[in-house]
């Protein structure tokens, strides 16, 4: 059994390993675990803050979208009201223009009727005289306007 290590050597190596593990835990892994724990706590806190900020951002975005939607509705209503008022104004102006045109047409008709009547009266007044002149020319002698001829 010369190949098998000597028991005091095994005990000494085991004691050295145990001491190394204890020292590594105390001075390396302990502080390292503390740092990792703190970092994980910071990461968790940052994740929570991010989640909270995301929630707040989504709420604000929803509020902004609602305001934009409301503003669009108001703008559409204002535009429709303006269109309605413009149509009403256009209809009113067209109505006034049509009424004015109809009035002018009626005035023109009345003026024409008056002129026609005046011309008719003038023609009736001049008809006798004109007939006498035509007869005078045709007969080449004056015709009396008395009524009993020959």
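Summary table below
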| item | result |
| --- | --- |
| Conditions (1) surrounded by fewer than 10 Cβ atoms within 10 Å (Cβ to Cβ); (2) part of a helix (DSSP H, G or I); number of the one not met by residue 120 | (1) |
| Neighbours by Cβ (under 7 Å, 6+ apart or cross-chain): first from the range 81-103, surrounded by 10 or more Cβ atoms within 10 Å (Cβ to Cβ); second in a helix (DSSP H, G or I) | none |
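FYI, it's all coordinate maths here, none of it is from the lab. The structure displayed is predicted, hence computed values, not measured ones. No Cβ is skipped: glycine too gets one built from the backbone with ideal geometry, and neighbour counts run over all protein chains shown.
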